[in-house]
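What follows is one structure encoded as C-alpha cells, with my remarks underneath.
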Amino acid sequence: MVVQPLHCVDNGELGSVVETEKKSPKGKVEQVVSSQRRTSARIQATKQRAEKEELVRKRVELLDENEGGSKKRTSVYSRRRVNVENVSEVVEEMNESEVFVSSEVDKPESEVVKSAGEVVKANFGGQNGVVGGEGGGGGATEKSVFARVKETLRLFNKHYLHFVQEEEKRCQKEEDNKKSSKSSKSKKRNAIEADAKKKAKRPDLKAISKMIESNAVMYPEKRIGNLPGINVGHRFYSRAEMVAVGFHSHWLNGIDYMGMSYSKEYGNYTLPLAVAIVLSGMYEDDLDNADDVVYTGQGGHDLTGNKRQIRDQVMERGNLALKNCVEQRVPVRVIRGHESASSYSGKLYTYDGLYKVVQYWAEKGISGFTVFKYRLRRLEGQPTLTTNQVQFVYGRVPQSISEIRGLVCEDISGGEEYVPIPATNLVDDPPVPPTGFTYSKAIQVAKNIKIPTNASGCNCDGACVDPQTCACAKLNGCDFPYVHRDGGRLIEAKDIVFECGPNCGCGPHCVNRTSQRGLKYRFEVFRTPKKGWAVRSWDFIPSGAPVCEYVGVLMKTEDLDSVSENNYIFDIDCLQTMRGIGGRERRLGDVSVPTISNTDRPEDQKSESVPEFCIDAGSSGNMARFINHSCEPNLFVQCVLSSHHDLKLARVMLFAADNIPPLQELTYDYGYALDSVTGPDGKIKQMACYCGAADCRKRLF
C-alpha cells in the first residue's frame, strides 16, 4: 500500500433517534409536598407518606389501564471517519433472540420446558439478528434488531436530555424567583414555591411519555419470551430504558403482564399472563439464589422505600398473571436490578434470561401480612448468568497499576494528561508498547496556516445562564447545546456547536465550555489480535458526554501528497457535511445563518469536494489516534468552534453516542464509502473490517 486513505469528520447524529424516558435509579417515588399550614413533624410525615402512596397507586392504576401500544419508529444515526489501522469491536454478546410462545396450554410440562430450551438454545447461534436481509456482504439492506434497539435507546436519551434541560431551566427560574421574593410577603413566597413544586416532573417520565406519543417504542405490544435484539446479559441503565424499548412496560411495577386487551391475539391462554419481572430487592420477602428465585408478589408494601409490608396482598393483576404462568407453563423474562456506582442512575438492570414459574403459595410475611410467593427456575440452555445477588459481573476494573495485566506502559501521555493512560499488551510475544509517535494533548499548527483572530464572544458574567441574552447561545439556535448533568452532556448532535471562547466573559466552569475541559475518564490503550491498538474506559460514560478531541498537526490537505502509509489523517469536512456534499448525512439543527453564508466565498467553493484542512496524528497526537472504527459505533464526531468561527478549521470532538459501560471498546464510524479509495496506480484499494457488529459492512473501504 502506497497511498493511505484520509479520515473525514463526517458529522453524525448524536444518538440515533429513539426517545424514551428515564427512571429513577431505585424506582422510588418523588415526595409530594403541599403548601399546608405548619403542623407537628410526626403528623406531617404521616400525611406526606399517605399522599405519596396514593400518588404512586394512581400512577400504577393508569399504567395498568393502558395495555395497548403503538408501532415502533426508528431513525438513522450518521457516521464518522478517522484512522484506518484500527476497527472497533462491541464487547457485548451479539446473538439473535426470538420470541418463545407456548402453542399448547395442555402440553405436559416436560414437553413445554424442552421446547422452550430448544428455542433458547437456537437463539444463541443466530446470525446476529439481521432482519429482512442477508447477513454478509458489503452492507445489510435493513438494520439488524440490535441496531434498532440501540437507536431506540439513543432516541430515548436524546429526549431525556431535552427534558433535563427544561428541568434545569425551571430550577434556575425558581431560584431567581426565590431571590426576588425574599423581600415580598411570606404568603406570596409560599405560593410561588408551591407552584414551582407542582410543575416539577422527572425528565425520564416525560421522555417515556414522548416515546409513547410519537409511536417510537420498539416493541409496543407485549410478547412472551425473548425479544429480538436483547440478549441475555443486556444492561439497561434505568427502568425507563426498558419501557422505551418495550422490554418491560412499567417504570414502577415489578410485574409486567398482558391484560384482557390481549384476549383476541392470545385466545388460547387464560389472561392476565405475566411476561417479565424485575427482581431488585424491593420486597423484604424476596429470595434470590441465581438459578432458583423466590419472588414476592406485588402490592401491600410501603411505597416510601423501606421494603416493609403494611397490608395484605390480593390475588389480582400481576399476582394473578404469575399464577396463570404456573398453570399454563409460560416462561417469563427476569431482569435483575442492583446498585452500581458506574451507572448514571445509581442502578443497573441486567436481563438474566427466561425462567419458568414452577410454584406459588400464600404465607404470612416477615411483617405479619399475607404475601404471595412464586418460585421461578431458570430454563436450561441459556448463557451463563452475568449477575448475582451482590454485584455486577462483567469485567473487573483494575484498582491500581499493580493489578493491570499485560502492562507495557504506565502512561502513554508521559504525564501530560491529568489522569495517566496505561497501555496493555496480552497479544504480542514479547509484548511491546505503542511507539512511533509523540504524545500531545493540544493541536499543533503547521507553519503555513494562520488561525483566525478570536471571536468577539459573549458578555456573560461568571457563567452563561440565559440563552436569550448570551451571544454564543444565539449562535446555537438561542439555546445552550449542553446540560449541566454529569459534568456536561451534549443533548444531540448538531451541524456545528458554538462554545464560549477566550473573549467571553464567563469562566471555565460555564456549561458552554464542556468540551474544553480535557479528559475526565480513566482510559486504557490495549492491543487487539486483528485491529492493532484500541481504547477503552475504566469508567461508565453517559450518552452525550465528551470523550476526547482528535489531536494532531493541523495542516492543509494539499500538503499530504508526499505522505505515505499514514493511517491517522482526519479531514475537517464540517462545511461539506453541512451542505450534504458527497453523500454526507446532514444534521438538523439551528446554527447562525450569517456564519453559514460567509462560507460561500470563491475559495470555499473551490474546495467543496475535498476539505481544505485536516489533522495529521501520524507522528504527534493524543489517545484519539488509537480509537478504532466500528460499523455500529458507540461514539460520534462533532465539530466545535470556540476561539474562532471558521468552519473549515473546527475542532474535532468525539462524544458518547450511547451509555458506555466500563471496559467496552470505544469506537466510531470512519465513514468510508465502499470502493472509494484508490492507490497511486488508480486501482481500488480494499481493507477488511473486523468490528464484529451485527450490521458490519465487512469492509472498511
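The values are calculated or read from the model by the stated rules, or taken from the named source; none is laboratory data. It should be emphasised that the depicted structure is a prediction, and the values quoted were computed from it without experimental measurement. Here the Cβ is made from the backbone with ideal geometry for all residues, glycine too, and neighbour counts use every protein chain on show.
With the condition kept exactly as written, say whether any residue in region 595-608 is modelled with pLDDT under 95 and crowded, with 23+ Cβ neighbours inside 10 Å. Checked against the condition, which is being modelled with pLDDT under 95 and crowded, with 23+ Cβ neighbours inside 10 Å, region 595-608 yields no hits at all.
Checked against (1) touching a Pro at 6+ places or on another chain (Cβ under 8 Å); (2) within 23 Å of residue 170 (Cα to Cα); (3) crowded, with 20+ Cβ neighbours inside 10 Å; (4) not basic (Lys, Arg), residue 479 passes all but condition (3).
In region 640-662, the count of residues that are in a loop (DSSP other than H, G, I, E, B) and on the phi > 0 side of the Ramachandran plot is zero.
Of 651, 699, all but one fail to be of a type in the set (Lys, Arg), closer than 25 Å to residue 486 by Cβ and in contact with a Cys (Cβ under 9 Å, 6 or more places away or on another chain); the exception is 651. Among the conditions (1) free of Cβ contacts under 8 Å to residues at least 40 places away in the same chain; (2) touching a strand residue (DSSP E or B) at 6+ places or on another chain (Cβ under 7 Å); (3) part of a loop (DSSP other than H, G, I, E, B), residue 468 misses just one, which is (2). Take the conditions (1) crowded, with 22+ Cβ neighbours inside 10 Å; (2) in a strand (DSSP E or B); residue 555 misses just one of them, which is (1). A Cβ distance below 9 Å, combined with a sequence gap of six or more or placement on separate chains, defines the contacts here; from region 655-674, residues that are among the small types (Gly, Ala, Ser) and modelled with pLDDT under 90 reach residues that are outside any loop (DSSP other than H, G, I, E, B) and surrounded by fewer than 23 Cβ atoms within 10 Å (Cβ to Cβ) in the pairs 673/582; 673/583.
Every test in (1) over 17 Å from residue 242 (Cβ atoms); (2) at pLDDT 90 or above; (3) under 22 Å from the mean Cα position of the chain (by Cα) is passed by residue 341 save one, and that test is (2). Residue 535 passes every criterion in (1) under 22 Å from the mean Cα position of the chain (by Cα); (2) in a strand (DSSP E or B); (3) surrounded by fewer than 21 Cβ atoms within 10 Å (Cβ to Cβ); (4) among the aliphatic types (A, V, I, L, M) apart from (3). Here residue 683 meets each of (1) of a type in the set (D, E, K, R); (2) surrounded by fewer than 24 Cβ atoms within 10 Å (Cβ to Cβ); (3) over 16 Å from residue 574 (Cα atoms); (4) in contact with a helix residue (DSSP H, G or I) (Cβ under 7 Å, 6 or more places away or on another chain) with one exception, condition (4). Against the numbered list (1) among the polar types (S, T, N, Q); (2) modelled with pLDDT under 95; (3) under 21 Å from residue 652 (Cβ atoms), residue 456 comes up short only at (3).
Close contacts from region 170-187, counting a first residue that is at pLDDT 70 or above and a second that is outside any helix (DSSP H, G or I), with Cβ to Cβ under 8 Å and a gap of 6+ residues or different chains, come to 170/200; 172/465. Restricting attention to region 417-455 and to residues that are among the charged types (D, E, K, R) and surrounded by fewer than 14 Cβ atoms within 10 Å (Cβ to Cβ), the residue that is nearest to residue 471 (Cα to Cα) turns out to be 450.
Restricting to region 367-379, name every residue that is assigned to a loop (DSSP other than H, G, I, E, B) and under 39 Å from the mean Cα position of the chain (by Cα). Correct list: 379 only. When 670, 690 are screened for being more than 28 Å from residue 442 (Cβ to Cβ) and of a type in the set (Phe, Trp, Tyr), only 690 passes.
Specify which of the listed residues (693, 650, 673) is farther than 24 Å from residue 436 by Cβ and touching a Leu at 6+ places or on another chain (Cβ under 6 Å). One residue alone meets the criteria, 650.
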